[in-house]
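Taking it in order: structure first as structure tokens, then the write-up.
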Amino acid sequence: MAFAAFATTTSEAEQVPRRKSPVALLLLLPGILYLVLFFLTPLVSLLLTSFQAPSEFGDIGQYTYAFRWENYVQVVTDYLPHILRSFGFALIATVLALVFSYPLAYFIGVTARRWPLAQSLMLVLVIAPFFISFLLRTLAWKQILSDESFIITSLKAVALMAPDAHFTGTPAAVIFGLTYNFIPFMTLPLYTTLERLDLRYLEAASDLYAHPVEVFRKVTIPLSMPGIVAGTLLTFIPAAGDYVNASRDFLGGPDSQMIGNVIEANFLVLQNYPAAAALSIILMSVILIIVSIYVKRAGTEELL
Amino acid sequence: MKPRPLPADPMIQQLIRQAQRAQLGRRTLLTGAGAGAAALALAACSTGGAAKPKAAADKSAAEKSIRWDNWALYIDVDDAGNYPTLDAFTKKTGIKVKYTEAVDDNNTYYGKVKDQLALGRDIGADTVCLTDWMVGRLIRFGYTQELDHANIPNLANLQPSLKDVGFDKGRKMSVPWQGGFAGICWNKEKLPNGIASVEELWDPKLKGRIGVLSEMRDTMGLIMLDAGVDISGDWGDDEFNAAIDVLKKQVSDGQVRNIKGNSYKEDLINEDTLAAIVWSGDIVQLNAENGDKWDFVVPEKGGTLWNDNFVVPIGSTHKKNVEELINYYYDPAVAAEVAAYVNYITPVVGAKEAAMAIDPELANNQLIFPDDATLAKAHVFRTLTGAEEQKYDAAFQSILLGS
């Protein structure tokens, strides 16, 4: 849909032949089959499951196909705090990731242009965390930030933390984990747009007596908008559905569970498949709505 | 609707047209939905009704093999990664065993195999060891095969207290593999005075440093026992809800730091938690690997006792081989050999005497070979009906999810 607007800025749509060729359709077939089998079918199945009703005299985990739309009302009343919390956490993590990533990407993509070797090296450093499973990295943070760790005891020693306070298992730890894990997804798209930033525009702006802050606000940011949009989407969407950071086995606690954890508990422990499916559909729809509003506002119009 | 005029820049015009063309038309959407529904109709054919599946025909005589799914670190292993007792079994009977550490959680394992079980198909294992309540569910649903006790003469060595359990009268469908206690453990260095009861876990001085298990029957069992409820006996919603209120308060007050499954050990090691409700066998192992730092006790008011049990899934074609395997592990000498490695409680009578010969210190470990006084303090959580299980699980999960 609207994504195409910034995904293929350089393609020459006008030159695409208009006639439908059978070869093109044939080439598309594997892709279409793939989508039908592995996206559309599970999606329809999920939708039907979300309307299932418990079987009569059924035991745990036994449901029959029905049109029980009350499932949706039920999960929203039961889990509204988790839904709001998920999007709140994702939003905070996205903003934090943007704040950390923008200067970093600017430095790598603009300031370091003079030293190509250093530039590549820094890019490798940004990607380097991917060499290790993110589960392991998250677990490592859990150890680093544990109560008796150097960091936490030091913070307590200088009275930046209350003596009986702790970090792991709190909402702050979950937001920290989300921000940390998604920073590369923010940095890389920002880097690709900033790397192509034409510095002559900035010079022209200062020649016209624009204050550096004005130059940044009115020239640099608008020019790097595609990177910001792509980066925030790549961070916000997976962060809202993430269930690893908030898992009680990782950085979360009972008061920081996100919607992904609720879905997991309903699916695996409670065998309440309709509730899990309804929550998944809600998560998907809300993300789709938020993202399309965002792309429409930031992506297609302000970009032009 | 009047379209807005396009900007003058040709490149941008092109972009906008491209974006407009890409918009999803109503017809495309309907076509897509139709294709999806058709594909689903195919998928739906495979889900059977609620009828109980039939046991598969036994091919044990022709195929001398067993596939056994079990939990991690739950059998003797030598340095080369072989399983000495299993190798001896193969030598003795000619039955080859493919042993897989495929179970790391009752619920996730069940999630993986439940659809095949419902259809009576093979789940890729001829036997699997699961915890009492999950075995109870499998039996209730008719997902297990009845064992022929004539093929398991050594079953006479089964602990008398485990012979008749609520979920499997007469042990027709299941046989215990290993068991353990849930009790209280504390960090000896930080809490030299120790912890004797669940009540002491709620001491304000330990705020935020307490852990409890995400296994509903163990955590709730200990809290109910602390309130004086006989968890094996006849209790109902009132007793359960009173315990739920206790846990809810401790969690929302921040007294309980976290509610975890197997990973609670990390919290004990990094001292996020100083005392916790835990499983006995883990503490033996934890002390062996991380310095002798923790103590474990079954509280005076009672701890829970659970077992993991062999079952033969409905689709298995090697039931008789499995019966032979069970018979082999109910030989006290073999049971002692396993117990020496896994640190859990063996259900085999006579294993303690056999262990005495291997290692007297081991035989006197209360957590591996408990005496009658310890066993008297351990209680089995009563079997729940399907409806109770759903209700109580939901109440417990809502605390885990903080709602």
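Results, tabulated for the structure shown:
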read-out: Unique residue being modelled with pLDDT of 95 or more, part of a helix (DSSP H, G or I), within 30 Å of the chain's Cα centre (by Cα) and over 30 Å from A:Tyr273 (Cα atoms) when the list is A:Ala97, A:Ala112; value: A:Ala97
read-out: Strands (runs of 3 or more DSSP E) lying entirely in segment B:255-369 (those with 2 or more residues that are in contact with a Ser or Thr (Cβ under 6 Å, 6 or more places away or on another chain)); value: B:256-260, B:303-311
read-out: Qualifying residue in segment B:78-87 (condition: more than 30 Å from B:Ser232 (Cα to Cα), within 15 Å of the chain's Cα centre (by Cα), away from chain A (no Cβ under 14 Å) and touching a residue at least 24 places away in the same chain (Cβ under 8 Å)); value: no
read-out: Failed criterion for B:Ala394 (all others in (1) part of a helix (DSSP H, G or I); (2) in contact (Cβ under 8 Å) with a residue 60 or more places away in the chain; (3) within 22 Å of the chain's Cα centre (by Cα) hold); value: (2)
read-out: Residue match in segment B:141-161 (condition: in contact with a Gly (Cβ under 9 Å, 6 or more places away or on another chain), over 20 Å from B:Gly261 (Cβ atoms) and charged (D, E, K, R)); value: no
read-out: Single condition A:Ser50 does not satisfy, out of (1) at pLDDT below 95; (2) within 12 Å of A:Tyr273 (Cα to Cα); (3) more than 8 Å from every other protein chain (Cβ to nearest Cβ); value: (1)
read-out: Those residues of segment B:339-367 which are under 18 Å from B:Ala288 (Cβ atoms) and touching a Phe, Trp or Tyr at 6+ places or on another chain (Cβ under 7 Å), in sequence order; value: B:Val342, B:Ala355, B:Ala363, B:Leu367
read-out: Any hit, segment B:146-158, residues being within 30 Å of B:Val256 (Cα to Cα) and either surrounded by 23 or more Cβ atoms within 10 Å (Cβ to Cβ) or touching a residue at least 40 places away in the same chain (Cβ under 8 Å) (or both); value: no
read-out: Flag if A:Ala140 is more than 14 Å from every other protein chain (Cβ to nearest Cβ) and among the small types (Gly, Ala, Ser); value: no
read-out: B:Ser197 vs. criteria of a type in the set (Ser, Thr, Tyr) and either loosely packed, with under 14 Cβ neighbours inside 10 Å or touching a Gly at 6+ places or on another chain (Cβ under 8 Å) (or both); value: no
read-out: Count of segment A:186-200 residues which are at pLDDT below 95 and among the aromatic types (Phe, Trp, Tyr); value: 0
read-out: Residue check, A:Leu91 within 13 Å of another protein chain (Cβ to nearest Cβ) and touching a helix residue (DSSP H, G or I) at 6+ places or on another chain (Cβ under 9 Å); value: no
read-out: Any chance A:Ser247 is surrounded by 19 or more Cβ atoms within 10 Å (Cβ to Cβ) and either within 14 Å of another protein chain (Cβ to nearest Cβ) or part of a helix (DSSP H, G or I) (or both); value: yes
read-out: Residue in segment B:215-222 that is more than 20 Å from B:Trp306 (Cβ to Cβ), out of contact with any helix residue (DSSP H, G or I) (no Cβ under 9 Å at 6 or more places or on another chain) and buried (at least 20 other Cβ atoms within 10 Å of the Cβ) present; value: no
read-out: Subset of segment A:145-161 (residues that are among the charged types (D, E, K, R) and within 11 Å of chain B (Cβ to nearest Cβ)); value: A:Asp147, A:Glu148
read-out: Residue identified as more than 14 Å from chain A (Cβ to nearest Cβ), of a type in the set (A, V, I, L, M, F, W, C), under 25 Å from A:Thr168 (Cα atoms) and surrounded by fewer than 23 Cβ atoms within 10 Å (Cβ to Cβ) among B:Val165, B:Val246; value: B:Val246
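The values are calculated or read from the model by the stated rules, or taken from the named source; none is laboratory data. Fair warning: this is a prediction, and the values are worked out from it, not measured in the lab. For neighbour counting, all protein chains shown are included, and Cβ atoms are generated from backbone atoms with ideal geometry for every residue, glycine included.
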